[in-house]
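Rule-based calculations on the coordinates, nothing more; no lab input. A quick note: this is a predicted structure, and the numbers were derived from the prediction, not measured. Please note: Cβ atoms are built from the backbone with ideal geometry, for glycine as well, and neighbour counts cover all protein chains shown.
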Amino acid sequence: MGSRLRILVGLCAALLAGCGSDLIEPEFDVMGKTMVVVPFKSWDADYFDSEPGIAIAKAITLNVKLNADAEELKMIDIRVLEKLDEEQDIRKLSWHDLASEVGADYVCYGEILDLQTRLSTDVALLRGKLLCELTVIDTTRDDRVVFNENEEFLFPDVRTNEFTGYSVIGKTEEDIERGLVSHAGWRLALNFYSHFPEDAKKRIR
């Protein structure tokens, strides 16, 4: 379901229930803007070279594309970065120059601070944790930071019974890592388009 249809359905439901809208808006201007998500760096690899970092960047990009309204944020596909990297070493570019090369207003970059596929506190449960920092800068306004947040994700999140569409019983730690980065990418993407609180409790895509 696209963002516009989902918002209209939510508004109608709220009106029928006799309550106001709980629509959550992004913390910075996304209307008519374009953003590129740089593959996150991690404890063992720099930007563009971390496998889980690449997966998170792809997940954020995909989920914004699928769920943002047509007038909201446009996303630069990660394949554009891959093609640019074939032409020059993008690791040597500043965020401002990278945005100029791909035609983006915003650059989103981040760091995976911790990734565990098994928690020592859990018994008879295979569960992982991912901690990351996410930053968005506006390259049209002197690279001003418009968003910065540290977020922690559990997968599956037994605190809210949030399994986000994955079956993890009997699965491996590799499956938990894939679920973690996909789940983190989806939840982080919610910061970049208008949505309702219930959207954060279920996997939209």
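For residue 99, indicate whether it is aliphatic (A, V, I, L, M), in a loop (DSSP other than H, G, I, E, B), at negative phi and in contact (Cβ under 8 Å) with a residue 60 or more places away in the chain.
no
Inspect segment 116-123 for any residue being in contact (Cβ under 8 Å) with a residue 40 or more places away in the chain, crowded, with 19+ Cβ neighbours inside 10 Å and within 16 Å of the chain's Cα centre (by Cα) and give the result as yes or no.
No, the conditions are met nowhere in segment 116-123.
Mind checking which residues of segment 45-70 are part of a loop (DSSP other than H, G, I, E, B), surrounded by fewer than 19 Cβ atoms within 10 Å (Cβ to Cβ) and aliphatic (A, V, I, L, M)?
Residue satisfying the conditions is 70 alone.
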